[in-house]
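This report concerns only the one structure given below.
The values are calculated or read from the model by the stated rules, or taken from the named source; none is laboratory data. As the structure is a computational prediction, the values presented were derived from the model and not from experiment. Cβ atoms come from the backbone with ideal geometry, glycine included; neighbour counts cover every protein chain shown.
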Amino acid sequence: MTRRFTRTSPEAEGLDPAAVARLVTNLDALDEIHGFMLLRHGNVVAEGHWAPFAPDRPHVMFSVSKSFTSTAVGLAIEDGLLGLDDLVLDHLKAEAPAEPSANLAAMRVRDLLTMTTGHDRSTMEGIDRTTIGLAGSDWVRQILAMPVPYVPGTTFVYDTGATYLAGVIVQRLTGRRLLDYLRPRLLDPLGITGAAWQQDPDGLDVAGYGLSVTTEDLAAFGQLYLQGGVWEGRQLVPAAWVEAATAKQVECGPHDWVEWLQGYGFQFWRSRFGAYRADGAFGQYAIVWPEHDIVLAVTSGIENTQSVQDAVWYALLPALDPAAAATLPDAGGPRPGVAPPADGVTWDLALRAPQGASTSPLEESLLGVTYTVAGNDHGVESFALRRDGDGRLVLEDRVRGADHLLTLGHGGWVAGTTEVEGGPADVAGAYAWADDSTLEARVHFLGTPFAWTFTLRFTGETVALSIDQNVSFGPTHLLDATGTAQS
């Protein structure tokens, strides 16, 4: 794994180690943070990953991808390929309606970047992203066919489809994927070697989501922006673009969480206390705090993403800006602490596994029994429990005719691979008996925010099975079903 940064103590960079300990304690209390890296003055003063997550594994970024796409737009402008005030239809005319509305005709590249296209909803939700074989241009055509009720530039509506269009424009002008365009200009200089980006059916990077990088990659991206686009003496991104992209370009809202009311730039969000951020669903962050020369990268799988930023402010503000800290609401008493790292920098952390016994008086009668499951939307047909040669519990299930194995640890995580829709997935699982007849298993899909919790309640010859997901763009409760022991 590439280590781009010097590791040093918080004290060496003028940061109170107690504040750093509070930050780690606050993040640990959320119990769904996967990794973090804290930089002060360009050096790492604290880092850690919660097992089963590891620093060398790329993590899905979701809308942090938008900030990378913004960077690509800035580079294309520097190259003279387009301008902020170019009309979108000048670049996407072939997919435009024969008679575009006045608002659609007036839409600019600037409006794509500031989420002020004039649409009244997310256009990405209105297109078919699942039909294999659709040309990428058909996505463009579908978006451009949607009504544009507002004058572009006047109304903020968060819209991943706007970023997609900006990405399409850059990829057509350069003749390269976003990833390939950014590689020599941004990724290689930053030491980002394992990045991947989801593509549309036409082979274009989807721009507004789909990027995967490591926590340290994310920190490097944030540090580049903190340094005004300069890296090791080279101006990788124009300073004027960094300033404009991270400035408040438009008002945003309404929103239930205060951090999403601070303004929006060119695919970057403003934060409180003079900070700004690249921001992805379920708690993927590069938080840049220029006043205090701080960058914090976070990967996670959390629903209440405001809580991640609150964890930062409550931990660091008392040490850096006591007057600002006094404006925060009372957060209650102190949380239990986390053991400090032996080297002062790298914290030894783990997500909490299910709590309970390693076995049950009923287990012997349950092992090897196959339970058939009545019809359900998720296609679960049957499952069984067994112990492997190392004594570890294994959950076997059959879903839509395919067999899957999940190996589970007790009191810790066991890594493995299972098949999911779309191919193999790296996972890590743990289990515990909550009581004699109730088994709880939790499985993390590594490199993603997602985890499933299986709850099995055994009664005689039947078992009630439920499956819940920690975070989702839709329902988090996935399944309730009943299994019956095969005779």
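Observations, loosely collected:
- Some residue of the range 123-144 being touching a Pro at 6+ places or on another chain (Cβ under 8 Å) and modelled with pLDDT of 95 or more: yes
- For the range 187-207, a tally of residues being surrounded by fewer than 24 Cβ atoms within 10 Å (Cβ to Cβ) and out of contact with any strand residue (DSSP E or B) (no Cβ under 8 Å at 6 or more places or on another chain) returns 9.
- Those helices (runs of 4 or more DSSP H) of the range 57-120 that lie entirely within it include none in which at least 3 residues are over 30 Å from the mean Cα position of the chain (by Cα), assigned by TED's automatic domain parsing to the domain that holds P238 and more than 27 Å from F473 (Cβ to Cβ).
- Within the range 360-374, the residues that satisfy the criterion of being closer than 14 Å to L385 by Cβ, among the hydroxyl-bearing types (S, T, Y) and surrounded by 14 or more Cβ atoms within 10 Å (Cβ to Cβ) are S360, T370, Y371.
- Count of the range 136-184 residues which are assigned to a loop (DSSP other than H, G, I, E, B), in contact with an Asp or Glu (Cβ under 7 Å, 6 or more places away or on another chain) and β-branched (V, I, T): 1
- D31 vs. criteria modelled with pLDDT under 95 and within 25 Å of R352 (Cβ to Cβ): yes
- Any hit, the range 353-362, residues being over 30 Å from E11 (Cα atoms), touching a helix residue (DSSP H, G or I) at 6+ places or on another chain (Cβ under 9 Å) and part of a loop (DSSP other than H, G, I, E, B): yes
- Applying a threshold of 8 Å to beta carbon distances and a minimum spacing of six or more residues, or different chains, the list of pairs starting in the range 303-314 at a residue that is closer than 20 Å to A19 by Cβ and ending at one that is of a type in the set (V, I, T) and assigned to a loop (DSSP other than H, G, I, E, B) reads V308/I302.
- Failed item, numbered, when G337 is tested on (1) crowded, with 18+ Cβ neighbours inside 10 Å; (2) within 18 Å of I33 (Cβ to Cβ): (1)
- For the range 383-473, no strands (runs of 3 or more DSSP E) sit wholly inside it while including 3 or more residues that are surrounded by fewer than 19 Cβ atoms within 10 Å (Cβ to Cβ) and in the same structural domain as D31 (by TED's automatic domain parsing).
- Odd one out for G80, checked against (1) of a type outside the set (D, E); (2) surrounded by fewer than 19 Cβ atoms within 10 Å (Cβ to Cβ); (3) in contact (Cβ under 8 Å) with a residue 12 or more places away in the chain: (3)
- Single unsatisfied condition, V258 versus (1) more than 21 Å from the chain's Cα centre (by Cα); (2) loosely packed, with under 15 Cβ neighbours inside 10 Å: (1)
- Residue check, W231 farther than 25 Å from R4 by Cβ and either hydrophobic (A, V, I, L, M, F, W, C) or free of Cβ contacts under 8 Å to residues at least 24 places away in the same chain (or both): no
- Unique residue being at pLDDT 95 or above, under 18 Å from Y314 (Cα atoms) and either surrounded by fewer than 16 Cβ atoms within 10 Å (Cβ to Cβ) or in contact with a helix residue (DSSP H, G or I) (Cβ under 8 Å, 6 or more places away or on another chain) (or both) when the list is P17, P55: P17
- Those strands (runs of 3 or more DSSP E) of the range 213-305 in which at least 3 residues are not hydrophobic (A, V, I, L, M, F, W, C), considering only elements entirely within it, cover 276-280.
- Residue satisfying condition, being touching a residue at least 12 places away in the same chain (Cβ under 8 Å), in contact with a strand residue (DSSP E or B) (Cβ under 9 Å, 6 or more places away or on another chain) and more than 17 Å from A207 (Cα to Cα), within set D120, D86, D56: D86
- Output for the range 88-105, where each listed residue is of a type outside the set (K, R), surrounded by fewer than 17 Cβ atoms within 10 Å (Cβ to Cβ) and under 24 Å from Y181 (Cα atoms): D90, A94
- If you go through the range 344-359 and pick out every residue that is closer than 24 Å to A46 by Cα and surrounded by fewer than 17 Cβ atoms within 10 Å (Cβ to Cβ), you end up with 4.
- Among the residues making up the range 24-51, those that are surrounded by fewer than 24 Cβ atoms within 10 Å (Cβ to Cβ), not in a strand (DSSP E or B) and not acidic (D, E) are T25, N26, A29, L30, H41, G42.
- Single condition D348 does not satisfy, out of (1) touching a residue at least 24 places away in the same chain (Cβ under 8 Å); (2) of a type in the set (D, E, K, R); (3) assigned to a loop (DSSP other than H, G, I, E, B): (3)
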